[in-house]
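In what follows, a structure is listed as structure tokens, so that the remarks can point back to it.
The values are calculated or read from the model by the stated rules, or taken from the named source; none is laboratory data. On a predicted model such as this, the values are computed, not experimentally measured, just so you know. Cβ atoms come from the backbone with ideal geometry, glycine included; neighbour counts cover every protein chain shown. Only protein heavy atoms, including side chains, enter the accessible area calculation; ligands, DNA and RNA are left aside. Shrake-Rupley method; radii C 1.70, N 1.55, O 1.52, S 1.80 Å.
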Amino acid sequence: MVTLPVFFDDGVVLAKNSRVWGWATPGQIVSAEFLGKKYESQADSDGRFSFLFNSENFGGPFTMKIEEKIISDVHIGRVWFCGGQSNMESPLSRSRMYFNEHIEDDERIRIFQVEKDLNFTTPQNDVKGKWNAACGEFLNHMYAVPYFFARKLLSVLPDDGAKVGLVCAPAGGTPIEAWLPEEIIREKYPHYIDDLEEVQHPGFVERKTENAESTKNAWLRELNDKDTGLKENWFDKDFDDSDWEERPLLDNTNFPTHGSVWLRKKVHITKTETKNETKNEIGAGSDTTRTDSEILNFGRIEDSVTVYINGVEVTHIAYQYPPCTCLLPKNLLVAGENIIAVRVVGECLRPLIVPGKEYFLQTPEGRIGLDGEPWKYREGAQMPACPPGVWFYSRPCGVHNHMLAPLLGLSVEGALWYQGESNTYAPERYEPMFCEFVKYFRKNFGGDNKNLPFIFTQLANYIDPNGDGENWAKMREQQRQCLKIPNTAMAVAIDCGEYSDLHPVDKKTVGERLALHALRMVYGEKINADGPTFSHSAYENGELKIFFENAQGLWSKNGRPQLELFFENENVRAVYAQIKENALVVACKSKPEKVRFGFTDCPSVALYNASNLPASPFENEGI
């Protein structure tokens, strides 16, 4: 009996030189047929066998036979691994509101998305998942960054029949240590051993998870029992809110520390001729380009939110990160007066309507802003803080064992990586661990190519409410230092973020910048993939000059570039620089010891070159 990993199945995209493996009885001779050739392999003492299939050309669909197993719709194409955490995992449905015109079915893209889970004790042999084309209802569940990466590749490379195969294994909330194997953790990072061994105790994770879920459910039941708004149906269209306080939507003053608040607003619609079929989160099978669409975009809420229109619940977002966006049901909005009611719940966090996002109602007649005129406001219930839940994805080795280890040995052309947010708690640890991870990854994925292209994303701009104002900047500098690893590249995303959102909507720019590096590194395209890259600084005759590579046409956006100059006795000066001959120049009476640019969590000014690619923030000592 022969078994194969689930990713070697119908619809698979393989590289031209691709290793395929499986399991049989130890010592068994396993036969295969592919592309008119026959192969044999003997299973080793563990029952594992493997074949190396070679093809000179792209193409498909083909059929592969391994003993009694028939694999159909096999294609030879360009295969990339995609990993990281939640910003690599973000689905296209979250990007549709702003990038819908750039999202369309594309049969040339195939993706295998590994289902998330953890194992802290044993590297697994297989994962769960399936191959899908970037089409139909699945398209909205497809990860956005890999999609836009593939679309950019396909727009530039010749139409040679090659599909882009994306093997994706990201997991939100994972620090780099979660992707390392236990032997590396024990040998090189012993400070994580206690965290690992705790979750390796039999039943520990299950007990903690069950207790946390039970505690939260009890908290929510108590809140619902106390919430006056639920008792009195404050969501009802005909409820009398005439004695409620009025306040702007984004005014969170005096919200309870924890508990629920309610807001209500009358919205006048001049005309309603909707044909929407169902309530839906944007992208879940909906066509937002239709002129008859009526859409609610209610920004982002902490911790959770339920929105009602005319007494009907239209959406519920159960935790703080997803955008609150939905396509409204058919004929829900009426000509004349409509009532929007919103229930915001703060569990571990204070209830918050996040500023800096867009809040509007889109109808065929136009957009109605919801964050201008006052809303009616009333507190629903106060509660003590909900005890924090458990999060085991941050522990060492867990996702490595379950999500990465089964993929080891896959033949890929390169790797894309978007991760680091969960290492900002201790950014100084990142660079050596990331270097170790790339070395380990290449050893297992590179085959004969020990310098497998590895392209990573530098963290986007964001204000960390729990940070010190510089922990994200320090993390970006750690990532910049990782460019010393041979055959790596970094997509700078310092202009792709949102100050109030850990998960910015713009995944298109990120995916395309990753693709620029791939086109240059792997496919030999003569294009510029880098923004201005810090080279060196020099002090002479009362002037400090900052020099860059790739700085042709250097320009700044959102103001003049500002530098921080550090002198003896901890004296720090913030100064504006001039752009002269593709360098930054600033007058100073003495030589600084250190200079920094853009070294905050969310810098306001960005530098670009003539290709409109941004410079990475940087720190330079020893001028």
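Multiply the residue separation of residue 574 and residue 38 by 0.36 nm, subtract the distance between their alpha-carbon atoms, and state the gained length in nm to one decimal.
The residue 574-residue 38 span can extend by a further 186.1 nm.
Taking a cut-off of 18 Å between Cα atoms, list the lysines near residue 266, but don't count ones fewer than 8 places away on the same chain.
Cα-Cα hits under 18 Å: 237, 376.
Quickly rank 120-131, 413-424, 253-264 as a protection proxy: mean count of other C-beta atoms within 10 Å, highest first.
Numbers: 120-131: 16.6, 413-424: 24.3, 253-264: 19.1.
Put in order of decreasing packing, that is 413-424, 253-264, 120-131.
For the stretch 548-623, take every pair of Cα atoms, bin their distances at 10 Å starting from 0, and report each bin as a whole percent.
P(r) over the stretch 548-623, rounded to whole percents: 18, 53, 26, 3, 0.
Work out the FRET efficiency for residue 193 and residue 581 from their Cβ-Cβ distance, taking R0 = 35 Å, and round it to the nearest 0.05.
0.10
Please report the relative contact order for the stretch 46-152, taking Cα pairs under 8 Å with a sequence separation of at least 6, and give it as a percent rounded to a whole number.
This gives 25 percent for the stretch 46-152.
Find the cysteines in the chain that fail to meet the 4.7 Å Cβ criterion with every other cysteine, and list them.
So far as the 4.7 Å Cβ criterion goes, 135, 324, 326, 348, 386, 397, 435, 482, 496, 588, 602 stand without a partner in the chain.
Under 8 Å for C-alpha pairs, at least 6 residues apart: give me the relative contact order for the stretch 372-471, rounded to a whole percent.
Values: 58 pairs, mean separation 32.1, N = 100.
32 percent.
So what is the orientation-averaged projected area of the stretch 10-122, using the convex hull of its C-alpha atoms, in nm²?
Details: hull surface 39.2 nm².
Computed as one quarter of the Cα hull surface, the answer is 9.8 nm².
Using only Cα atoms, what is the ratio of the radius of gyration of the stretch 456-561 to 2.2 N^0.38 Å?
1.21
Extension gain residue 46-residue 611, at 0.36 nm per residue separation less the Cα-Cα distance, in nm?
Result for the pair: 198.1 nm of gain on full extension.
Compute the distance in nm between two label points, each set 7 Å from the Cα along the Cα-to-Cβ direction, one at residue 589 and one at residue 3.
7.6
Would you work out the charge dipole size for the stretch 3-162 about its Cα centre, treating the Cβ of every Lys and Arg as +1 and the Cβ of every Asp and Glu as -1, and quote it to the nearest 20 debye?
Using Cβ point charges on Lys, Arg, Asp and Glu, the stretch 3-162 gives about 320 debye.
Mind checking which lysines have their C-alpha under 20 Å from residue 580, skipping anything on the same chain fewer than 8 residues away?
Cα-Cα hits under 20 Å: 545, 557, 589, 591.
Before I look further, what does the stretch 313-368 give for accessible area per residue, probe 1.4 Å, in whole square angstrom? Show your work: numbers first, answer last.
On the way: 2040 Å² over 56 residues.
That works out to 36 Å² for each residue.
How large a share of the accessible area of the chain, in percent, is made up of carbon and sulfur atoms when the probe is 1.4 Å and the other protein chains stay in place? Can you show the working numbers first?
Details: 12100 of 26730 Å².
After summing per-atom areas, the C and S share lands at 45 percent.
When DSSP assigns beta bridges and you keep just the ones with both residues in the stretch 33-186, what percent turn out antiparallel, to the nearest 5?
55
Mind giving me the nanometre distance, one decimal, between the label points for residue 157 and residue 210, set 7 Å out from Cα along Cα→Cβ?
4.9
Which value, to two decimals, describes the C-alpha radius of gyration of the chain once divided by 2.2 N^0.38 Å?
Working: Rg = 26.9 Å, N = 623, 2.2 N^0.38 = 25.4 Å.
So the chain has a normalised radius of gyration of 1.06.
With the cut-off at 1.5 for a/c, could you classify the stretch 1-68 from its C-alpha gyration tensor as rounded, prolate or oblate? Numbers along the way, then the final one.
On the way: a/c = 2.08, a/b = 1.77, b/c = 1.17.
Prolate.
Compute from the Cα atoms of the stretch 364-459 the Rg and the Dmax, the latter being the longest Cα-Cα distance, and quote both in angstrom.
Cα-based Rg and Dmax for the stretch 364-459 come out at 22.4, 66 Å.
Estimate the FRET efficiency between residue 58 and residue 536 by the formula 1/(1 + (r/R0)^6), using the beta-carbon distance for r and 51 Å for R0, to the nearest 0.05.
For residue 58 and residue 536, the calculated efficiency is 0.75.
Run a plain Debye calculation on the stretch 331-403 (Cα atoms as equal point scatterers, no solvent) and give log10 I(q)/I(0) at q = 0.16, 0.24 Å⁻¹, rounded to two decimals, same order as the q list.
For the requested q values the scattering log ratios are -0.84, -1.24.
Figure the gain on full extension for residue 224 and residue 466 (residue separation times 0.36 nm, minus the Cα-Cα span) and round it to one decimal in nm.
Details: separation 242, 0.36 × 242 = 87.12 nm, distance 2.90 nm.
Difference between extended and current length: 84.2 nm.
If you look at just the Cα atoms of the stretch 500-546, how large are its Rg and its Dmax in Å?
So, for the stretch 500-546, Rg and Dmax equal 17.0, 46 Å respectively.
Probe of 1.4 angstrom, ligands and nucleic acids ignored: what's the accessible area per residue over the stretch 1-147, in square angstrom?
44
Reachable lysines from residue 443, Cα under 27 Å, same-chain residues fewer than 8 places away excluded?
Those lysines meeting the cut-off are 16, 116, 128, 130, 163, 188, 484.
Could you compute the FRET efficiency for residue 28 and residue 128, with r as their C-beta to C-beta distance and R0 at 45 Å, rounded to 0.05?
0.95
Using a cut-off of 11 Å between beta-carbons, work out the net charge of the residues near residue 380 (Lys and Arg +1, Asp and Glu -1, residue 380 not included).
Working: positive: 226, 231, 343, 378; negative: 227, 232, 379.
Residues close to residue 380 contribute a combined charge of +1.
Counting Lys +1, Arg +1, Asp -1, Glu -1, what net charge surrounds residue 543 among other residues with beta carbon under 11 Å of its beta carbon?
Taking every other residue near residue 543 into account, the sum is +3.
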